[in-house]
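Throughout, read-outs are computed from the coordinates displayed, never taken from laboratory work. Bear in mind the structure is a predicted one, so any value in this text is a computation, not a measurement. Using ideal geometry, Cβ is built from the backbone for each residue, glycine included, and neighbour counts are taken over all protein chains shown.
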């Protein structure tokens, strides 16, 4: 009896050591393969969500963050935390992304080990290899290059973070399910982490179904019978109904509304044509999981409405076959069956009947990929390990090593906008957005010839459609001294989109420097109808001042000051306008404010002295 107890303790200690070795291996591998991502620049949607997002500038501004993005408030707030401590230092953003990825990977390891302790799997032939299978699955998860789109791509922290909370909630639920003691505590914590998942990204709303899936696959040893006298069934049904009601109250049926044509898609995106298109997209995701080559930030996928188009039909038949296989394998191989259903369930929010403007994005595979890795690791262990342990080890080393090298290489592509969009352009040469974003990137570096080349390619592929391309050609041509071409392109942008404020703004600047202040004034005023920016108010105010329309000038200077109160030039020029109206006290106040912000401004000091002399002169007359 004593020897058996000692053996049990020894085995437990050995398992604990193996678990810690596994976790350390996962973390070290993750840190190694993402060590070259710390200086990758802000990319693509990072600008809208981080660098140009005013709501995250103040860490205490939770209400405004909530109102701007209720369904993703948790990651938005983490961006505010990053900004609070490091402003635009990308290193801190990447560090947090990597930590989230490592936690998610460790959770995969934890969950799979617990699944093998469930009633269905505890006596399975693979249960004795549970730690090894869990480790291999987690190592594939942490190293697969598809994960770069959710880890190296900063804003897609949303995808990795929702996966982290999603997996943590499932892990805590499993812990409560397998542990008699403190089960209520674990269930409560699972509920709290589920709430965080729901507030991170919308695909978390499959979580209750994922838990139901785990119950059916791993805790149901008998035939599934729905007994409405069973209190558990009643509570489950009531909980499902309540969850659906809450979900619809948050999103409503408007999520199924068609998306109007845009610069990304020329056709209206409906639930039906989006679903048909996703048949091919999901097959593409599976191909990238199996063979992760030709990754792209912006795959060239066309919207299709024809279910009977050969490629679409074959994709649909393939996916139906996978679902049929999962059903067939339910009683024969629960693990493979579960992995297939998990993939389809967790990708269903973004790849089903809810229209989304972007038809494909690699980061959407982050959570679904867990099912794929579990299938691969279990199949190799089940069918190869017993015959050839050395081959099994070599195979896993090859797979994980290949993934790791591809991830390191993919991180190099994410280094900056030019490398990322050049890669996209090579792989999708007939797609507009890579040319457009390359044009922006080269323009930001003032490499105008390359910017012009890319914007012209936008117009070559889709002529008379992209106002942004024409407007940016206006900037580039002006920069290289081709003023007539600049004006032509600004005018073309306005012809394409009569509400395009940047084109009016750019053309207004051209008119101003060509001494046509009346036309400049007209363009600034039109721009301000669609976009209220401080520089527009400032430019228009300067023209009003030149025309000695002092009231109008002061109004515009004041509007600019309300949004940029630290700009000394605004106070200085408003002071001049007040002087033009002989309002010397207000002029003196503005010159004083100018000197507070810019003590070296000699003109402000001179004009303040002049204003004081005018005030003194007025006082003496009295």
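Kirkwood radius and radius of gyration were both taken over the C-alpha atoms of region 42-181, and their ratio Rg/Rh is 1.09.
Could you state, as a whole-number percent, how many of the C-alpha pairs of region 267-375 are farther apart than 19 Å? Roughly 45 percent, once rounded to a whole number.
The spacing between region 273-337 and region 150-205, judged by their C-alpha centroids, is 27 Å. Here the scattering of region 312-462 is modelled by Debye summation over its C-alpha atoms, one equal scatterer each and no solvent; at q = 0.11, 0.14, 0.18 Å⁻¹ the log10 of I(q)/I(0) is -0.69, -0.93, -1.14. Summed over qualifying helices (DSSP H, 4 residues or more, each -39500 (n - 2.57)) and divided by its residue number, the chain shows a 222 nm mean residue ellipticity of -22500 deg cm²/dmol. Each residue in 494, 103, 59 was given a count of other beta-carbon atoms within 10 angstrom of its own, and listing them fewest first yields 59, 103, 494.
Modelled label positions at residue 179 and residue 325, each set 7 Å beyond Cα in the direction of Cβ, lie 3.7 nm from each other.
Taken over the chain, the ratio of Cα radius of gyration to 2.2 N^0.38 Å equals 1.20. Report, as a whole number in µm² per second, the diffusion coefficient that Stokes-Einstein gives for region 262-325 at 25 °C and 0.890 mPa s using the Kirkwood radius over alpha carbon pairs. Here the translational diffusion coefficient equals 191 µm²/s. The label-point distance for residue 17 and residue 427, in a model that sets each label 7 Å from Cα toward Cβ, rounds to 4.4 nm. Globularity index of region 542-622 is 1.06 (Cα radius of gyration / 2.2 N^0.38 Å, N = number of residues).
Going by alpha carbons, how many degrees (0 to 90, nearest 10) lie between the helix axis of 157-178 and the longest principal axis of the chain? The helix 157-178 is inclined about 30 degrees to the chain. Can you give the FRET efficiency to the nearest 0.05 for residue 605 and residue 453, using r as the Cβ-Cβ distance and R₀ = 60 Å? The computed FRET efficiency comes out at 0.80. Sorting 421, 584, 66 by the number of Cβ atoms found within 10 Å of their own Cβ, with the fewest placed first, yields 66, 584, 421.
Short to long, the 10 Å bins of the Cα pair-distance histogram for region 461-598 hold 14, 36, 29, 16, 5, 1 percent of all pairs. Quick one: pull the percentage of alpha-carbon pairs in region 305-367 with a separation above 15 Å. Everything past 15 Å amounts to 62 percent. Over region 413-520, the fraction of Cα-Cα pairs per 5 Å bin, rounded to whole percents and listed from the shortest bin up, is 2, 15, 22, 23, 18, 11, 6, 2, 1, 0.
Centre-to-centre, using Cα atoms only, region 581-622 and region 350-365 are separated by 60 Å.
Sorted ascending by nearby beta carbons within 10 Å, beginning with the fewest, 386, 68 become 386, 68. Given in Å, the Rg to one decimal and the Dmax to the nearest whole number for the Cα atoms of region 401-468 are 13.8, 48.
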